[in-house]
Amino acid sequence: MPRETTIHTVFWQDGAVVMIDQRALPVSERYVACTDYRQVIAAIKDLTVRGAPAIGVAAALGIALGARSLAAETAPQFNDAVAAICREFAASRPTARNLFWAIERMRRCCDRALAALAASPAPIAGDPFERVRQRLVAEAIRIGEEDVAANCRLGQAGSGLIPQGARVLTHCNAGALATAGYGTALGVIRAAAAEGKILRVYADETRPVLQGSRLTAWELHREGIPCTLITDSMAGFLMQKGEVDLVIVGADRIAANGDAANKIGTYGLAVLARAHSLPFYVAAPLSTIDPAIPCGEAIPIEERAADEVTHVGPTRTAPEGIAVWNPAFDVTPHELITAIITEAGVIRPPFPEGIGKACAS
Ligand code: MRU
């Protein structure tokens, strides 16, 4: 099996949720310790932690953190308070399916733990909800561990699609930083690199938040995987010059028909890949798939603040008062996707059947 990277994105340590501050990379490698669940919500909103699976893991750990400071007299009171915390997390960012998937898992864990408490034959000494809190912490840690394992499996599955000497283009950051570890699109690249198949990775800069230049380039560079940084608008010319063999990206939410929401600019790349007859792969764990959403049009797309577009860092690069449209994601129609790579294997069209089977597995 592939090895985990040494990048620790988000984890539980001494009763706190600790995360690498992704806003500070690549200039500074610093960690933030959240001791209140509201700090975790703020970190999701301000992109201290970002990337669909990492957001899900952060939320799970944050819910466990919130539950630790809950005082309740009765099980319904405890349950209502956990539900309220979950609602706050659900309002943090709208697009990543993994966030809602993790919240649902934490809710189910809480239900089961409270039911076990109710079924306990003997009265429990001390605070009876301590057992529930411990189970929530354990479940959140497990969600993170399972994410790393899923990424390693999907990396292996996806590596089979990568030819020897491949020149791969990727967008945004779907690496260890976007997950609990190893990465999805970068997980496939890592697995293929370990087999000596990667000649070069082209990393799109990814305007406006620069996840490609700040994070993907940092991850690949520190591991010695050959990487060339380009601005988003250079991808078409690079393909036209015959320098790209395939495109691989992550996803924030995949609909039942295979339409995939990912970082803004992904759709344009898929169109370019089709125009140049290049394979376009989406790599994501099953926790990114939303079988309840029939097609991409129904995926909620986050719109972010105008200053991400009008400024580069603290420097204004557009006139005061200019109108701005800043959707954080776009949707690539399934017709443009060659295959979806998951921990359950590679899903090829027709996607509805393959997705249905993978989700049932
Ligand atoms: O706004 P972000 O940085 O959270 O967006 C992240 C992406 O779009 C990633 O490509 C996606 O979450 C896949 S991560 C494995």
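Within segment 203-235, can you find the residues that are part of a strand (DSSP E or B) and either surrounded by fewer than 23 Cβ atoms within 10 Å (Cβ to Cβ) or more than 16 Å from the ligand (Cβ to nearest atom) (or both)? Break it down stepwise before answering.
Of segment 203-235, the ones part of a strand (DSSP E or B) are 203-204, 227-230.
Matches in segment 203-235: 227, 228, 229, 230.
Filter segment 106-129 down to the residues that are more than 15 Å from residue 73 (Cβ to Cβ) and in contact (Cβ under 8 Å) with a residue 24 or more places away in the chain, then identify the one that is surrounded by the fewest Cβ atoms within 10 Å (Cβ to Cβ). Looking at residues that are more than 15 Å from residue 73 (Cβ to Cβ) and in contact (Cβ under 8 Å) with a residue 24 or more places away in the chain, I get 111. Kindly indicate whether any position in segment 29-49 is under 26 Å from residue 193 (Cβ atoms) and surrounded by fewer than 19 Cβ atoms within 10 Å (Cβ to Cβ). So far as segment 29-49 goes, yes, one or more of its residues are under 26 Å from residue 193 (Cβ atoms) and surrounded by fewer than 19 Cβ atoms within 10 Å (Cβ to Cβ).
Residues that are part of a loop (DSSP other than H, G, I, E, B) and within 17 Å of the chain's Cα centre (by Cα) were ranked within segment 273-294; the one that is surrounded by the fewest Cβ atoms within 10 Å (Cβ to Cβ) is 285. Go through segment 16-33 and give me each residue that's touching a helix residue (DSSP H, G or I) at 6+ places or on another chain (Cβ under 6 Å) and more than 24 Å from residue 210 (Cβ to Cβ). Answer for segment 16-33, where residues must be touching a helix residue (DSSP H, G or I) at 6+ places or on another chain (Cβ under 6 Å) and more than 24 Å from residue 210 (Cβ to Cβ): just 17. Would you check if residue 18 is surrounded by 24 or more Cβ atoms within 10 Å (Cβ to Cβ), β-branched (Val, Ile, Thr) and away from the ligand (no atom under 13 Å from the Cβ)? So residue 18 does not fit the description; no.
Of all positions in segment 71-89, none carries a residue that is under 30 Å from residue 193 (Cβ atoms) and either buried (at least 19 other Cβ atoms within 10 Å of the Cβ) or not hydrophobic (A, V, I, L, M, F, W, C) (or both). In segment 17-35, the residues that are closer than 16 Å to residue 51 by Cβ and in contact (Cβ under 8 Å) with a residue 12 or more places away in the chain form Cβ pairs under 8 Å with partners that are assigned to a strand (DSSP E or B) and of a type in the set (Ser, Thr, Tyr), at six or more places apart or across chains, as follows: 19/31; 20/31; 21/31.
No lab work stands behind these numbers, since they all come straight from the coordinates. What you see is a predicted model; the values in this text were computed from it and never measured. All Cβ positions, glycine included, derive from the backbone under ideal geometry; neighbour counts span all protein chains shown.
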